[in-house]
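The values are calculated or read from the model by the stated rules, or taken from the named source; none is laboratory data. On a predicted model such as this, the values are computed, not experimentally measured, just so you know. Ideal geometry is used to build each Cβ from the backbone, glycine not excepted, and the neighbour counts take in all protein chains shown.
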Amino acid sequence: MAIVHTAREVFMSDSAGAIDFEMIQVRERTVACDGGGGPLGHPRVYLKIEDREVTCPYCSRHYVLTGNATPGEGH
């Protein structure tokens with residue numbers, strides 16, 4: 001399975017202490033997340049996008065299905 005990142009946005013905390021998270025646009029309904037790997041990563045999990053988006057329970061990365069992918073597409 002190849003994960004294709006079409007866009008990536010990183011939201012940093014502001015002075016009010018908002019939580020950091022990443023939003024990654026993908027073209028496939030199943031995505032693999034390892035938190036970025038290395039010592040700061042987490043065990044690799046495979047997440048299924050049921051509607052248009054899913055959030056990793058470990059690192060809060062937010063995966064969003066791109067506009068050029070259809071809701072029925074994928075595995």
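Here's a check for you: in region 33-42, which residue that is surrounded by 15 or more Cβ atoms within 10 Å (Cβ to Cβ) and under 16 Å from residue 23 (Cβ atoms) is modelled with the lowest pLDDT? So the residue we want is 35.
Under the condition of being of a type in the set (A, V, I, L, M) and touching a Cys at 6+ places or on another chain (Cβ under 9 Å), which residue from region 41-53 is farthest from residue 67 (Cα to Cα)? Across region 41-53, the extreme among qualifying residues is 45. Take region 22-40 and flag every residue that is touching a residue at least 12 places away in the same chain (Cβ under 8 Å), under 11 Å from residue 59 (Cα atoms) and of a type outside the set (D, E, K, R). Hits for region 22-40 are 33, 35, 36. Taken over region 43-67, the criterion of being over 12 Å from residue 23 (Cα atoms) and in a loop (DSSP other than H, G, I, E, B) is satisfied by 43, 44, 49, 50, 51, 52, 57, 58, 67.
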